[in-house]
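To start, the structure under review is shown below, and the notes come after it.
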Amino acid sequence: MLRSHYSKEIGEKDYGKKISIAGWIEDIRNLGGIAFVILRDRYGRMQITAIKKQNPELFKELVSLSRESVIAAYGTCQENEKVMNGWELLIEKMEVLAKADTPLPMGVIDKVNVDFDTRLDNRIIDLRRDEVKAIFMIRHSFIGFASEFLRKKGFVEVHTPKISAASSEGGTEVFRIDYFGRPAYLVQSPQLYKQMLMASGLDRVYEIAWYFRAEEHDTSRHLNESTAIDIEMAFIESEEEVMKVAEEMTDYAIQKIVDENSKELDILQVEVDLPSLPYPRITYDEVVEILQKEIDFKWGDDLGTDEENLLAKHVDYELYFITKFPLEIKPFYAMFDGKYARAFDLEFKGMEIASGAQRIHDYDLLIKRMDELGMNKENFEDYLKAFRYGMPPHGGFGYGIERFLMRLLNLTNIRECILFPRDRKRLRP
Ligand code: AMO
């Protein structure tokens with residue numbers, strides 16, 4: 001067996017026993033007759049101690065290994081108060097599983113600053129660093145806890161197509177692909193499918209979804225390939241019911257992350273203030289009033305980064321909703337009352353992390369709305385069909401996973417929150 005224990009599993013119970021550990025060599029200190037090797041596995045670090053006169057061959061091989069080579073080491077786990085973790089492995093046997101080339105394209109423990117592009121070009125090595133791994137452990141937790149919450153509330157996990165004949169969020173920002181000679185798109189969101197599912201009887205669904213958006217802007221908060229938690233729920237009377245799910249899911253996930261990811265939050269030096277429920281609701285009209293005191297902003301303008309930042313300075317909360325947006329700045333599927341869409345954004349520290357709405361469920365109204373917007377209904381044949389045979393009132397939201405993490409962990413670039421970011425310049429690795 002290459003590994004009998006991970007670093008975190010070893011304790012007093014193992015002192016004096018034979019164990020095998022495996023991982024990456026982080027550091028080697030060769031003092032001549034004795035050598036100390038720091039081995040790293042996914043949970044932490046361990047010390048291996050080699051004594052030359054006990055096994056000169058093994059000693060020689062071990063100290064000649066390059067940093068970040070992978071080994072499995074077998075020996076006695078010995079108590080030693082002076083060593084990290086309170087024990088060391090007195091090595092008796094070793095298997096070299098993979099030698100690392102030298103020099104490394106970037107350091108793992110060196111405190112030297114490497115620029116972000118070098119880090120992303122060498123993402124696999126970058127991920128060996130504690131503060132990078134911590135982000136992805138919290139990402140893993142967030143998705144797990146959000147799913148747990150939604151499942152408890154009766155949401156069924158679904159997976160909808162990512163290749164589609166129609167685009168949901170507007171025409172220009174799509175990646176076109178050649179589908180056996182026919183034009184097709186990578187979906188911008190599961191919007192059309194999750195709505196269609198509301199007519200299926202599975203009246204609460206969620207998806208951990210991929211968004212593909214050919215947005216031209218190259219910013220610290222946009223990706224061309226991003227992930228989201230999308231939900232859709234039927235038999236609602238207003239968007240308030242959807243907002244309640246959004247805020248309770250956020251609250252549940254943050255609480256659980258605080259409880260279960262304290263190690264990672266410490267590594268990232270993040271202190272989380274859990275805001276109380278319900279999160280404040282600020283109407284778009286109120287936002288306009290606030291903004292107009294400082295900048296030229298007209299009713300009907302969309303909120304960009306500058307506006308969101310300015311607004312955040314005027315509200316005392318970290319998490320809040322903006323509600324009742326002008327219909328003209330929301331997509332065709334949003335339900336409305338006069339000039340207001342029943343739509344909302346969830347803001348976290350001055351950035352939109354989710355948006356949602358009650359939808360139009362009445363077929364005739366939907367057709368009227370699409371005609372008003374000059375949309376080509378032929379492209380939406382399957383979507384529209386779902387509205388003709390019994391579509392209950394419904395609504396939902398799309399919740400950006402990277403955006404949430406960026407704000408929770410106070411990271412300045414969204415690319416930190418996805419393993420292999422895709423942006424205008426980056427198609428590799
Ligand atoms: P929207 O377009 O607002 O709504 O997207 C929902 C959320 O997804 C995240 N997001 C992004 N994150 C990173 N890079 C991007 N390019 C990007 N685009 C979107 C944001 C955003 O709040 N169908 C609707 C949702 C719904 O009504 O259910 C939609 O896609 O956090």
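The values are calculated or read from the model by the stated rules, or taken from the named source; none is laboratory data. Just so we're clear, the structure is a prediction, and the values are computed from it rather than from any experiment. With ideal geometry, Cβ positions are generated from the backbone for all residues, glycine too; neighbour counts draw on all protein chains shown. Remember, those area values only see protein heavy atoms, side chains included, never the ligands or the DNA or RNA. Shrake-Rupley method; radii C 1.70, N 1.55, O 1.52, S 1.80 Å.
Quick notes on this one:
- Near pairs, Cβ below 7 angstrom, 6+ apart or cross-chain, from the range 267-281 (buried (at least 17 other Cβ atoms within 10 Å of the Cβ)) to any residue that is polar (S, T, N, Q): V270/N410
- Restricting the range 221-239 to residues that are among the acidic types (D, E) and not in a strand (DSSP E or B), the residue that is farthest from the ligand (Cβ to nearest atom) is E237.
- The set of residues from the range 24-38 being of a type in the set (A, V, I, L, M, F, W, C) and more than 11 Å from R67 (Cβ to Cβ) comprises L31, I34, A35, F36.
- Some residue of the range 343-356 being in contact (Cβ under 8 Å) with a residue 12 or more places away in the chain, of a type in the set (S, T, Y), more than 11 Å from the ligand (Cβ to nearest atom) and buried (at least 17 other Cβ atoms within 10 Å of the Cβ): no
Yes/no per residue for (1) within 21 Å of L274 (Cβ to Cβ); (2) in contact with an Asp or Glu (Cβ under 8 Å, 6 or more places away or on another chain):
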| residue | (1), (2) |
| --- | --- |
| M351 | yes, yes |
| G356 | no, yes |
| H361 | no, no |
| L365 | no, no |
| D382 | no, no |
| A386 | no, no |
| P392 | no, yes |
| F404 | yes, no |
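- Any chance R176 is loosely packed, with under 13 Cβ neighbours inside 10 Å, in contact with a Leu (Cβ under 9 Å, 6 or more places away or on another chain) and closer than 27 Å to L373 by Cβ: yes
- Some residue of the range 116-136 being crowded, with 17+ Cβ neighbours inside 10 Å, closer than 27 Å to N410 by Cα, of a type in the set (A, V, I, L, M) and in contact with a Ser or Thr (Cβ under 8 Å, 6 or more places away or on another chain): no
- E318 being within 16 Å of the ligand (Cβ to nearest atom), touching a residue at least 24 places away in the same chain (Cβ under 8 Å) and more than 26 Å from A234 (Cβ to Cβ): yes
- All positions within the range 383-406 that are near the ligand (Cβ under 10 Å from one of its atoms) and either over 18 Å from E225 (Cα atoms) or not β-branched (V, I, T) (or both): G395, G396, F397, G398, Y399, G400, E402, R403, F404, M406
- Note on the range 14-61: residues that are of a type in the set (D, E, K, R) and either in contact (Cβ under 8 Å) with a residue 24 or more places away in the chain or open to solvent by less than 50 Å² (accessible area, probe 1.4 Å) (or both) total 10.
- Note on the range 1-85: enclosed strands (runs of 3 or more DSSP E) holding 1 or more residues that are among the aromatic types (F, W, Y) and over 18 Å from A100 (Cα atoms) are 34-41, 70-79.
- Residue under evaluation R415, criteria (1) surrounded by fewer than 16 Cβ atoms within 10 Å (Cβ to Cβ); (2) over 21 Å from R342 (Cβ atoms), criterion not met: (1)
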